[in-house]
Amino acid sequence: MKKWLCIVCGLIYDEAKGWPADGIAPGTPWEDVPDDWKCPDCLVGKADFEMMEIRQDLKVEVPVINIAAQQPPIVIIGTGYAGYGLAEALRQRDVQTPIIIFTADDGHHYSKPGLSTALTRDKAAAELVTETPLAIEARLNIRIHTRCPVYAIDAKNKILSTASGEQSYSKLVLAQGAAPIRLPLSGDGADDVISVNDLQDYRLFREHLQGRRRVSIIGNGLIGCEFANDLANAGVEVDVIGLSAWSMDRLIPQAVGEQLQSRLQDKGVRWHLNTTVATVDRECEGYRLTLENGEQIETDLVLSAIGLKARTELAVAAGAEVNRGIKINGGLRTSLPDVFAIGDCAEINGQLLPYLAPINAALPALADGLLGRPTMAHYPLMPVIVKTPACPLTLQAPAADLDGDWQIEQTDRGTRALFIDAQQQLQGFVLTDELGSERQYWLDRIGSPLEQVA
């Protein structure tokens, strides 16, 4: 029996266990899972994304490194997808090396991409938890310090200052992710604006949403659109406020952005674009938003989804090289000795690597490197699946500073947008609806001349 990993949200389908909640019996091979089955966490259809087989033979491929018992442990800061994924990868290779994880939150394992579809699935925060830290400790034979923030890194002496005292390390991995960007808003309700970036945020969001039917979302990017779709599915009245002229403007062409807006508008979403929120004032049981264009919106709750900023504070204080993220090389090493970084907090060659696919690509190399076998991570082209069921999107965005034009074709199966650069080469694409199944075809043709991609 095999296990399969959803590259969109990280959900694992274990053939031995099946998925009884959806009528898939234990022992059902992946190829026998119905084609119309949808990932329970991200709601992406089986035909629209790939599953990656989790190999069980890694122990025989990578030799176990015998590390003296008195050597300090490998320490990981962060219990998100990258932190726990790394602990898993290390244990697949070495069952003895001590591993300690520190986290400032409760350490519960859950699917972060599933947060933006949880309302549609009517899931409370507790129902999103897939494993407790105690269970992970027992299964992987590691130590997890929950609700224990790390205050400082002494890179010279390899010692951490934490809420529970000092901790030495042999190698340190920063997997702290990213934090929501906060807008400099005015008004007595500015501090009440919510962001949903982790399980605790989602728990508070659900508590605040009880009995309220109007939500205003600041931000018309990917996360804002996903939450708009999820809230609309739950019967909530949604207003989206965004600075740009169309939704997801940094990733998709105007024609596709307007198509997404139209589909969400059909579900009741109202759009307020080319402006932003200036003031959030408390009013009765809700809020009054004043936009920069003078428009006012009455709402019950304000959700900010304008983006994330890599958590770099610890690295900066320790003297690491930092730009938008913590600078790493191909082996995920930072500029500090025996300190590594992975996930949303890291930056390589000037590029941040958000989403789960880059983490999946980097985990094997990082685990090998930590165990004494330096390996360079290879990042293939990694398309993004946007969780907007009203208008499903699959995209490979072109580089932000690349000159070129979008060529857009409407078909009865969806919209196909191809980005052609000045040298007449394919450098990106967006596929909607059923055309998402063409993803691999277009990925294989990135960098090819226009006459070869038809």
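The values are calculated or read from the model by the stated rules, or taken from the named source; none is laboratory data. Keep in mind that what you see is a predicted model, and the values were worked out from it rather than measured. Note: ideal-geometry Cβ built from the backbone for every residue, glycine included; neighbour counts use all protein chains shown.
Exactly one of these conditions fails for Arg324: (1) outside any helix (DSSP H, G or I); (2) in contact (Cβ under 8 Å) with a residue 60 or more places away in the chain; (3) farther than 20 Å from Trp246 by Cα. Give me its number. Arg324 satisfies every listed condition except (2).
Does Gly27 meet the test of being within 23 Å of Glu127 (Cα to Cα), modelled with pLDDT of 90 or more and exposed (fewer than 12 other Cβ atoms within 10 Å of the Cβ)?
On the way: within 23 Å of Glu127 (Cα to Cα): no; modelled with pLDDT of 90 or more: yes; exposed (fewer than 12 other Cβ atoms within 10 Å of the Cβ): yes.
No: the conditions fail for Gly27.
The criterion of at least 2 residues that are free of Cβ contacts under 8 Å to residues at least 24 places away in the same chain is met by the following strands (runs of 3 or more DSSP E) wholly inside the stretch 355-414: 404-411. Of the residues making up the stretch 333-347, not a single one is closer than 20 Å to Ala179 by Cβ and surrounded by fewer than 17 Cβ atoms within 10 Å (Cβ to Cβ).
Residue-wise test of (1) in contact with a Leu (Cβ under 9 Å, 6 or more places away or on another chain); (2) surrounded by fewer than 20 Cβ atoms within 10 Å (Cβ to Cβ); (3) of a type in the set (D, E, K, R); (4) outside the structural domain of Ile76 (by TED's automatic domain parsing).
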{"position": "Pro380", "(1), (2), (3), (4)": "yes, yes, no, yes"}
{"position": "Leu393", "(1), (2), (3), (4)": "yes, no, no, yes"}
{"position": "Trp406", "(1), (2), (3), (4)": "yes, yes, no, yes"}
{"position": "Gln424", "(1), (2), (3), (4)": "yes, yes, no, yes"}
{"position": "Gln440", "(1), (2), (3), (4)": "no, yes, no, yes"}
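Look at (1) under 16 Å from Thr79 (Cβ atoms); (2) without any contact (Cβ under 8 Å) to a residue 24 or more places away in the chain; (3) within 23 Å of the chain's Cα centre (by Cα) and you find that Leu134 fails only one, number (3).
In the stretch 97-111, the residues that are within 16 Å of Ile142 (Cα to Cα) and outside any loop (DSSP other than H, G, I, E, B) reach residues that are aromatic (Phe, Trp, Tyr) and modelled with pLDDT of 95 or more with C-beta atoms within less than 7 angstrom, at least six apart or across chains, in these pairs: His109/Tyr84.
Quick grid of which residues meet (1) of a type in the set (S, T, N, Q); (2) farther than 20 Å from Ile342 by Cα; (3) at pLDDT 95 or above; (4) surrounded by fewer than 20 Cβ atoms within 10 Å (Cβ to Cβ):
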residue	(1), (2), (3), (4)
Ala87	no, no, yes, no
Pro98	no, no, yes, yes
Phe102	no, no, yes, no
His108	no, no, yes, no
Thr120	yes, yes, no, yes
Ala126	no, yes, no, yes
Val150	no, no, yes, no
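Restricting Val173, Val193, Val240, Val215 to residues that are over 30 Å from Ala318 (Cα atoms) and either in the same structural domain as Ala341 (by TED's automatic domain parsing) or over 22 Å from the mean Cα position of the chain (by Cα) (or both) narrows the list to Val215.
Looking at Leu204, Leu183, Leu209 in this structure, which one is among the hydrophobic types (A, V, I, L, M, F, W, C), more than 23 Å from His109 (Cα to Cα) and either touching a Gly at 6+ places or on another chain (Cβ under 9 Å) or surrounded by fewer than 18 Cβ atoms within 10 Å (Cβ to Cβ) (or both)? Criteria check complete, one pass: Leu183. Is it the case that the stretch 194-209 has a residue that's closer than 28 Å to Val129 by Cβ, free of Cβ contacts under 8 Å to residues at least 40 places away in the same chain and not in a helix (DSSP H, G or I)? Within the stretch 194-209, none of the residues are closer than 28 Å to Val129 by Cβ, free of Cβ contacts under 8 Å to residues at least 40 places away in the same chain and not in a helix (DSSP H, G or I).
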